[in-house]
Amino acid sequence: MEFSAVLRSRRSIRAFSDRPVQKDTINDILLDAIESPSSSNTQPYKVAVADGDTCKQLGQELLSRYYKINKIQRLPLPLKLFSAATSQAMPDGDYKPILGKYPGIFQNRRMATGKGLYDTLGIARGDKQARDEAMARNFTFFDAPVAIFVFIHPSMKFTALVDSGIMMQSLMLSATDRGLGTCPQGALGMWRSPLEKYFDIPKGYKLVCGLALGYPKEDDKVNLYRPEKLSLDELIIVKK
Ligand SMILES: Cc1cc2nc3c(=O)[nH]c(=O)nc-3n(C[C@H](O)[C@H](O)[C@H](O)COP(=O)(O)O)c2cc1C
């Protein structure tokens with residue numbers, strides 16, 4: 001593909017076909033991602049690649065945790081606290097998500113994006129169950145046959161976050177160029193312990209984000225969603 005066509009056609013994919021991704025293809029994509037720039041070439045990231053049975057089993061474990069905490073959230077307060085303490089399903093990720101409202105204009109953008117996605121899926125605003133089910137699909141990676149988990153070394157502070165973001169974008173563009181789809185997933189940072197069971201995560205590395213990888217399901221309307229991007233005017237800070 002022409003490079004700008006790759007850039008412009010990449011969109012988050014939230015329905016994958018069951019077509020497997022060959023190991024060589026995964027490796028080629030990762031080799032492209034490795035070419036990314038990083039601060040002083042520190043490359044303070046590592047990835048854990050879950051495919052085959054590992055992907056399926058991990059997905060089921062994450063999904064079961066999601067259902068557990070979802071149920072706990074609906075309990076009356078004293079029971080909620082007790083269940084939270086005993087459930088072993090409470091999020092144990094390395095970076096806590098922003099809970100509640102996002103600050104300022106970011107909340108408006110978040111809401112607009114969520115609404116656009118639910119409209120595409122035909123989910124009504126008040127249909128909590130359908131929204132929860134849509135959210136649940138994150139944990140089985142939207143049926144993708146591969147899930148990639150990105151870890152950073154926190155000793156590199158904010159540069160590790162910048163570097164890992166650039167690396168993830170390289171990975172996603174390389175995948176797009178090969179006809180594959182991706183969805184970066186902050187939701188996959190909620191639990192770290194299920195990953196410990198499958199991967200020997202080097203000491204000190206922190207889970208920052210996950211990413212679903214696979215061939216897009218052709219006839220699924222969710223993949224047609226095109227959220228609005230900034231205009232040039234909104235992006236550029238005006239000169240004095
Ligand atoms: C760091 C990060 C975390 C994200 N987490 C999720 C997620 O947990 N679930 C999800 O469905 N999409 C997630 N996304 C995808 C965004 O919603 C998506 O990138 C945004 O709406 C713009 O759409 P586009 O990727 O199709 O351009 C995430 C994206 C980024 C960059």
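In terms of modelled amide H atoms, which long-range or inter-chain residues lie less than 5 Å from the amide H of residue 89?
Those qualifying (amide H under 5 Å, at least 5 residues apart or on another chain) number zero.
Express in nm, to one decimal, how much length is gained between residue 46 and residue 75 on full extension, taking 0.36 nm for each residue of separation and deducting their alpha carbon distance.
6.6 nm
For residue 229, go through the lysines and keep the ones whose alpha-carbon is under 19 Å away, minus same-chain ones fewer than eight residues off.
Residue 229 reaches 115.
Project the alpha carbons of the chain onto their principal axes and report the range along each, largest first, in whole Å.
Principal extents (largest minus smallest coordinate, Cα): 55, 46, 42 Å.
Can you work out the Karplus-derived ³J(HN,Hα) for every residue in segment 223-228? Use 6.51 cos²θ - 1.76 cosθ + 1.60 with θ = phi - 60°, whole Hz, and x for glycine or proline.
6, 8, 5, 10, x, 5
Of all accessible surface on the chain at a 1.4 Å probe, what whole percent is carbon and sulfur?
Accessible surface attributable to carbon and sulfur in the chain totals 57 percent.
What are the residues whose amide H is under 5 Å from the amide H of residue 15, where those residues sit 5 or more places off or on another chain and H is modelled from the backbone?
217
Which value at 222 nm does the chain reach when only helices count, each DSSP H run of 4 or more adding -39,500 (n - 2.57), with the total divided by all residues and rounded to the nearest 500 deg cm²/dmol?
-14000 deg cm²/dmol
Using a cut-off of under 19 Å, list every residue of segment 104-135 whose amide N is near the label point 7 Å from the Cα of residue 231 along the Cα-to-beta-carbon line.
Label zone hits: 105-106, 108-110, 112-113.
Past the 27 Å Cα-Cα mark, which pairs from 101/157; 23/128; 96/128; 128/221; 96/197?
Long pairs (Cα-Cα over 27 Å): 23/128.
For the chain, set up a Gaussian network in which alpha carbons nearer than 10 Å are linked by springs, and say which option among 157, 229, 46 fluctuates the most.
Answer for the Gaussian network model of the chain: 229.
Near residue 71, within a Cβ-to-Cβ distance under 12 Å, what is the net charge of the other residues, with Lys and Arg +1 and Asp and Glu -1?
+3
Check residue 146: other-chain or 5+ apart residues with amide H under 5 Å from its amide H, H built from backbone geometry?
Sorted by chain and number, the residues that satisfy this are 213.
Which whole-Hz ³J(HN,Hα) couplings does segment 43-59 yield from phi under the Karplus relation 6.51 cos²θ - 1.76 cosθ + 1.60, θ = phi - 60°, glycine and proline marked x?
6, x, 9, 9, 10, 10, 9, 9, 9, x, 5, 4, 4, 5, 5, 4, x
Taking the Cα of residue 63, stepping 7 Å toward and past its beta carbon, and measuring to each backbone N in segment 104-148: which are under 13 Å?
133-145
Each residue of segment 229-240 in order: what ³J(HN,Hα) in whole Hz does its phi give by Karplus 6.51 cos²θ - 1.76 cosθ + 1.60, θ = phi - 60°, with x for Gly and Pro?
In residue order, the calculated couplings are 10, 4, 7, 4, 4, 6, 6, 8, 7, 5, 6, 6 Hz.
Give me the accessible area per residue for segment 3-225, probe 1.4 Å, as a whole number in Å².
Normalised by residue count, the accessible surface of segment 3-225 is 56 Å².
With no solvent and one point per C-alpha, what does the Debye sum give as log10 I(q)/I(0) for segment 1-110 at q = 0.23 Å⁻¹?
-1.30
The values are calculated or read from the model by the stated rules, or taken from the named source; none is laboratory data. What you see is a predicted model, and the numbers here were worked out from it, not measured in a lab. Here the Cβ is made from the backbone with ideal geometry for all residues, glycine too, and neighbour counts use every protein chain on show. Just the protein is used for accessible areas: all its heavy atoms, side chains included, with ligands, DNA and RNA removed. Shrake-Rupley method; radii C 1.70, N 1.55, O 1.52, S 1.80 Å.
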